[in-house]
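The values are calculated or read from the model by the stated rules, or taken from the named source; none is laboratory data. This structure is a prediction, so every number in the text was calculated from the model and none was measured. Note: ideal-geometry Cβ built from the backbone for every residue, glycine included; neighbour counts use all protein chains shown. Areas reflect the complete protein model, heavy atoms only, side chains present, ligands, DNA and RNA absent. Shrake-Rupley method; radii C 1.70, N 1.55, O 1.52, S 1.80 Å.
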Amino acid sequence: MKMASFASTECFLPLYQSRLAPTHYQQNGTSAILHLNSKSKKSLSFSSSSSFSTQGTSLCYAVERKERSSFAQTAAVRHLMGSVTRTQGLRFAVVVARFNEIITKQLLEGALSTFKNYSVSEENVDVVWVPGSFEIGVVAERLGKSQKYHAILCIGAVIRGDTSHYDAVANSAASGVLSAGLNSGVPCIFGVLTCEDMEQALNRAGGKSGNKGSETALTAIEMASLFEHHLK
C-alpha cells in the first residue's frame, strides 16, 4: 500500500478516528491537497507529494493546523455574597426559647445589639417567645411562610442532663430549624446552644467564648442580603 508523504509531520490522525469531514480534494500531477473542515470551524489542510491510496483504514494524515487554538476562554466567574452592610429595608424575626432563660436572654441581647450596630432599625425586628427549643422550628416555619421577614433567628439553649432527653430535644431543634428554612424558602438561622453543662453555655452567651447570639444575627444579615439582592 502506498503511503502519502507530507510537508508537515506535526500530528497524525487515522481517517476512521478523525471527526473531520473532507470538503474538496485537488490533485495536480503527483501533488495532492485535501482540505478538511472540523466541527470547530477551523480550517485544516493536508498536502501530499505523491499519490495515495485509501485502502482499509490505515491511511494516516499529517496535520498542519493553520491556527493553533488556545484554551477556551470563559466568561468571568460571578461570586455572589451577602453583605452585612446593606441592611436597609431588611426585616428579621427572632424566635427565642424561654427554657434556660438565663442563657437565652443573653443570646437575644447579643443578637439585638448586633442588629443595632449594623444599622438594622428596631421596628424591623420582631421577637417571638416559645416555651422551649423543641417548639422553635414550627414557629420559625410559620413566620417564614408569612413572607414578612427576610430571615429568622432561632435562639435556644439545650444543656445535657441525666437522661437522654437532651439528645431528643437537641436533634429535634436542629432538624426543625432546617425544615423551617427549606419549607418556607426563608433563611432560618440555627442559634440553639447544645452544651454539656451550664458553664459551657454561659461561656457562649457573652463569656470567654463570645456571644453566639451576636454571631447568629450576623449570619442572618448576610443570608437575608444574599437572598434579597442576588437570589430573588
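Below, the figures for the structure above:
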read-out	value
Scope the range 71-88; condition closer than 19 Å to SER214 by Cα and either at pLDDT below 90 or not β-branched (Val, Ile, Thr) (or both); matching residues	GLY82, SER83, ARG86, GLN88
Total residues in the range 91-123, condition touching a residue at least 12 places away in the same chain (Cβ under 8 Å) and farther than 21 Å from ASN211 by Cβ	1
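Let's see how each residue does on (1) within 30 Å of MET198 (Cα to Cα); (2) open to solvent by 70 Å² or more (accessible area, probe 1.4 Å); (3) modelled with pLDDT of 75 or more; (4) of a type outside the set (Phe, Trp, Tyr):
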{"site": "TYR61", "(1), (2), (3), (4)": "no, no, no, no"}
{"site": "ARG65", "(1), (2), (3), (4)": "no, yes, no, yes"}
{"site": "SER69", "(1), (2), (3), (4)": "no, yes, no, yes"}
{"site": "LEU90", "(1), (2), (3), (4)": "no, no, yes, yes"}
{"site": "ARG98", "(1), (2), (3), (4)": "yes, yes, yes, yes"}
{"site": "ASN117", "(1), (2), (3), (4)": "yes, yes, yes, yes"}
{"site": "ASN124", "(1), (2), (3), (4)": "no, no, yes, yes"}
